[in-house]
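Peer 1: Dumping the structure here so I can ask a few things about it.
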Amino acid sequence: MKKNTILILLLSFFTFSSCKKDQNTEKVKTTDTIQKKGVEKETSDKTATLFTLSNQDSTEVVKITASEISSDNPFFLVGDKNALTVSRYRKNGKSLQFVQKETLLSDEFYYVNIDERHFLRKKIQNEDYFLFAVMESSQGNGDREIILNFIMLNVTNLKSYTLKYVGEATLRSDEGIDGAFLKNENLEANATIKKELYQFANKSKWVYNPTEEEKDINYYKNFEQKWQLDNNANTESSFPNSVKSTYYSENLFQFNGNYDKDQVIENDRFKIVTYFRHNIIGYDKAKKLYFPIIAESCATGCDKKIEFVSENEIEITYEIASQKTDTLDLNTIRFTNND
């Protein structure tokens, strides 16, 4: 079933490729190189150097290293404790002399995914910077929040800046994360760095950037957000006492994704589909229009069984036994665009 649980949505992020490598917008000497070392091992078979950068005169090397890497993908960190570090070495003949080490990211119980295709080496105000993107997602089932970190590293002194973006995977965002950037005092104090980071972040496929059409709340791709707005819904809310909805000519069944036969109920007037831990969508056969009945999603607790108890009434039973069964008369739904 397409994107009908947050878990499936999250897993898709671990496999899809992000946007192509950015081209430098300012000239960089050809001796400034970026080399990915996704298989170069460090102190253990669970540690790998992801990026190696040489300075302009090739006297120093900077390595960005990840711990607790997946056996299948070094850019995916799967340990209970994951870390990204950066180290600077001075070349001494054929050997490297350690100079400095800093931690770029460290957390517990989060998967960490580094975008191996979206990175940038750039000179800014005569300083050498490297920019790349990191996604964090909870290893638990109950937390749908996804954190994006857009990191800008000064290759010379290893000072770094991070722009965070927080959100969730939604139907309308497709491969992107539906959310917002967080303010950072360090960035607010440095307009040039802030501008560069926002430009870099907004080119990432991980960031949902709606089209002009998608900015209209009445556009069909926003049916979940409009239903939640109309019904004053939030992630902790129960079934509303009075349901508001909107008619759509677009096929919401197709947009919401595939479903099994046991998720469908139908009579002469209505066809209704309940998606696993996700939305309930109806189709009025007389009007030939689609409408959301419930718009919600979760990792656990909100799967629903539905059945007709009369021609116009459906019974909705949640998977959590403590939640009472609800009965909804479809004729009582108030439509915001009813003719």
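Peer 1: Condition test on Ala299, is it touching a residue at least 60 places away in the same chain (Cβ under 8 Å), surrounded by fewer than 19 Cβ atoms within 10 Å (Cβ to Cβ) and of a type in the set (A, V, I, L, M)?
Peer 2: Details: touching a residue at least 60 places away in the same chain (Cβ under 8 Å): yes; surrounded by fewer than 19 Cβ atoms within 10 Å (Cβ to Cβ): yes; of a type in the set (A, V, I, L, M): yes.
Here the answer is yes, as Ala299 does meet what is asked.
Peer 1: Considering only residues that are surrounded by fewer than 20 Cβ atoms within 10 Å (Cβ to Cβ), small (Gly, Ala, Ser) and farther than 23 Å from Phe130 by Cβ, which ones fall in the stretch 177-228?
Peer 2: Ala180
Peer 1: What are the pairs with Cβ atoms under 9 angstrom where one residue, in the stretch 247-269, is touching a residue at least 60 places away in the same chain (Cβ under 8 Å) and open to solvent by 90 Å² or more (accessible area, probe 1.4 Å) and the other, located anywhere, is in a loop (DSSP other than H, G, I, E, B) and not β-branched (Val, Ile, Thr)? Sequence gap at least six, or different chains.
Peer 2: Within 9 Å, the pairs are Asn258/Met1; Asn258/Lys2; Asn258/Asn4; Asp260/Met1; Asp260/Phe276.
Peer 1: Oh, and also: If you take the residues of the stretch 111-156 that are over 17 Å from the mean Cα position of the chain (by Cα), outside any strand (DSSP E or B) and in contact (Cβ under 8 Å) with a residue 24 or more places away in the chain, which of them is surrounded by the most Cβ atoms within 10 Å (Cβ to Cβ)? Talk me through it step by step, then tell me what you get.
Peer 2: Applying the first criterion (over 17 Å from the mean Cα position of the chain (by Cα)) to the stretch 111-156 yields 119-131, 152-156.
Cutting the leftovers down to outside any strand (DSSP E or B) gives us 125-126, 155-156.
Okay, now just the ones that are also in contact (Cβ under 8 Å) with a residue 24 or more places away in the chain, so 125, 155-156.
Values: Gln125: 9, Val155: 20, Thr156: 14.
Filtering first and then ranking leaves Val155.
Peer 1: Quick check on Asn222: is it in a helix (DSSP H, G or I) and among the polar types (S, T, N, Q)? It would help to see each step written out before you state the result.
Peer 2: Numbers: in a helix (DSSP H, G or I): yes; among the polar types (S, T, N, Q): yes.
Yes, satisfied.
Peer 1: Looking at Thr162, Thr170, which one is open to solvent by less than 40 Å² (accessible area, probe 1.4 Å), at pLDDT below 95 and touching a strand residue (DSSP E or B) at 6+ places or on another chain (Cβ under 6 Å)? Talk me through it step by step, then tell me what you get.
Peer 2: Numbers: Thr162 fails: at pLDDT below 95.
Step by step, each of Thr162, Thr170 is checked, and only Thr170 is open to solvent by less than 40 Å² (accessible area, probe 1.4 Å), at pLDDT below 95 and touching a strand residue (DSSP E or B) at 6+ places or on another chain (Cβ under 6 Å).
Peer 1: Sort through Phe291, Phe335 and tell me the only one that's closer than 16 Å to Val243 by Cα, open to solvent by less than 20 Å² (accessible area, probe 1.4 Å) and among the aromatic types (Phe, Trp, Tyr). If you could, list the steps in order and put the result at the bottom.
Peer 2: On the way: Phe335 fails: open to solvent by less than 20 Å² (accessible area, probe 1.4 Å).
Exactly one of Phe291, Phe335 is closer than 16 Å to Val243 by Cα, open to solvent by less than 20 Å² (accessible area, probe 1.4 Å) and among the aromatic types (Phe, Trp, Tyr), namely Phe291.
Peer 1: Okay, next question. Given the condition more than 16 Å from Met152 (Cβ to Cβ), in contact with a Ser or Thr (Cβ under 9 Å, 6 or more places away or on another chain) and among the aliphatic types (A, V, I, L, M), answer yes or no: does some residue in the stretch 115-133 qualify? Please lay out each step first, then the result.
Peer 2: Restricting attention to the stretch 115-133, the residues satisfying the condition of being more than 16 Å from Met152 (Cβ to Cβ) are 116-117.
This time we only want the ones that are in contact with a Ser or Thr (Cβ under 9 Å, 6 or more places away or on another chain), so: 116-117.
Restricting the remaining residues to those that are among the aliphatic types (A, V, I, L, M) gives none.
No, there is no match, as no residue in the stretch 115-133 is more than 16 Å from Met152 (Cβ to Cβ), in contact with a Ser or Thr (Cβ under 9 Å, 6 or more places away or on another chain) and among the aliphatic types (A, V, I, L, M).
Peer 1: Can you tell me which residue within the stretch 231-246, out of those that are open to solvent by 60 Å² or more (accessible area, probe 1.4 Å) and either at pLDDT 70 or above or in contact with a strand residue (DSSP E or B) (Cβ under 6 Å, 6 or more places away or on another chain) (or both), is nearest to Ile314 (Cα to Cα)? Write out each step before concluding.
Peer 2: The first filter runs over the stretch 231-246 and keeps only residues open to solvent by 60 Å² or more (accessible area, probe 1.4 Å), leaving 232, 234-236, 238, 241, 244.
Adding the requirement that they be either at pLDDT 70 or above or in contact with a strand residue (DSSP E or B) (Cβ under 6 Å, 6 or more places away or on another chain) (or both) leaves 232, 241, 244.
Details: Asn232: 22, Asn241: 14, Lys244: 16 Å.
Restricting to residues being open to solvent by 60 Å² or more (accessible area, probe 1.4 Å) and either at pLDDT 70 or above or in contact with a strand residue (DSSP E or B) (Cβ under 6 Å, 6 or more places away or on another chain) (or both), the top hit is Asn241.
Peer 1: Only residues that are surrounded by fewer than 14 Cβ atoms within 10 Å (Cβ to Cβ) and of a type in the set (Phe, Trp, Tyr): list them for the stretch 81-106, please.
Peer 2: Phe98
Peer 1: Only one residue in Leu187, Leu197 is among the hydrophobic types (A, V, I, L, M, F, W, C) and modelled with pLDDT under 95. Which one? Give the derivation first.
Peer 2: Working: Leu197 fails: modelled with pLDDT under 95.
Exactly one residue qualifies, and that residue is Leu187.
Peer 1: Determine the pairs where a residue that is more than 17 Å from Asn241 (Cα to Cα), located within the stretch 303-319, has a partner that is open to solvent by less than 50 Å² (accessible area, probe 1.4 Å) and small (Gly, Ala, Ser) with Cβ atoms under 7 Å apart, the partner being 6 or more residues away or on another chain.
Peer 2: Listed pairs, sorted by first residue: Glu319/Gly301.
Peer 1: Check Thr327 against each of (1) exposed (fewer than 14 other Cβ atoms within 10 Å of the Cβ); (2) out of contact with any Ser or Thr (no Cβ under 8 Å at 6 or more places or on another chain); (3) closer than 25 Å to Glu168 by Cβ and name the one condition it does not meet.
Peer 2: The one condition Thr327 does not meet is (3).
Peer 1: Scanning for something without any contact (Cβ under 8 Å) to a residue 40 or more places away in the chain and within 21 Å of Arg277 (Cβ to Cβ), does the stretch 178-199 turn up at least one residue?
Peer 2: Filtering the stretch 178-199 down to residues without any contact (Cβ under 8 Å) to a residue 40 or more places away in the chain leaves 178-191, 194-195, 198-199.
Next, only the ones that are within 21 Å of Arg277 (Cβ to Cβ) stay: 178-179.
Checked against the condition, which is being without any contact (Cβ under 8 Å) to a residue 40 or more places away in the chain and within 21 Å of Arg277 (Cβ to Cβ), the stretch 178-199 yields at least one hit.
Peer 1: While we're on this one: Given the structure, is Glu196 in a helix (DSSP H, G or I) and either under 22 Å from the mean Cα position of the chain (by Cα) or among the basic types (Lys, Arg) (or both)?
Peer 2: On the way: in a helix (DSSP H, G or I): yes; either under 22 Å from the mean Cα position of the chain (by Cα) or among the basic types (Lys, Arg) (or both): yes.
Yes: the conditions hold for Glu196.
Peer 1: Any residue at all in the stretch 283-300 that's under 28 Å from Arg144 (Cβ atoms), charged (D, E, K, R) and in contact with a Leu (Cβ under 9 Å, 6 or more places away or on another chain)? I'd like the intermediate steps shown before the answer.
Peer 2: First, pick out the residues of the stretch 283-300 that are under 28 Å from Arg144 (Cβ atoms): 283, 290-300.
Keeping just the survivors that are charged (D, E, K, R) gives 296.
Next cut, in contact with a Leu (Cβ under 9 Å, 6 or more places away or on another chain) only: none.
No; the residues of the stretch 283-300 include none that is under 28 Å from Arg144 (Cβ atoms), charged (D, E, K, R) and in contact with a Leu (Cβ under 9 Å, 6 or more places away or on another chain).
Peer 1: Restricting to the stretch 57-103, count the residues that are farther than 20 Å from Lys46 by Cβ, assigned to a strand (DSSP E or B) and touching a residue at least 12 places away in the same chain (Cβ under 8 Å).
Peer 2: Number of matching residues: 11.
Peer 1: Restricting attention to strands (runs of 3 or more DSSP E) lying wholly within the stretch 239-328, give those where 3 or more residues are within 16 Å of Trp227 (Cα to Cα).
Peer 2: Details: elements: 264-266, 270-274, 280-284, 289-294, 304-308, 313-318.
Filter on the stretch 239-328 gives 280-284, 289-294.
The values are calculated or read from the model by the stated rules, or taken from the named source; none is laboratory data. Because the structure is a prediction, the values reported are computed rather than measured. FYI the Cβ positions are ideal-geometry reconstructions off the backbone, even for glycines, and counts take in every protein chain you see. All accessible areas refer to the heavy atoms of the entire protein, side chains included, with ligands and DNA or RNA removed. Shrake-Rupley method; radii C 1.70, N 1.55, O 1.52, S 1.80 Å.
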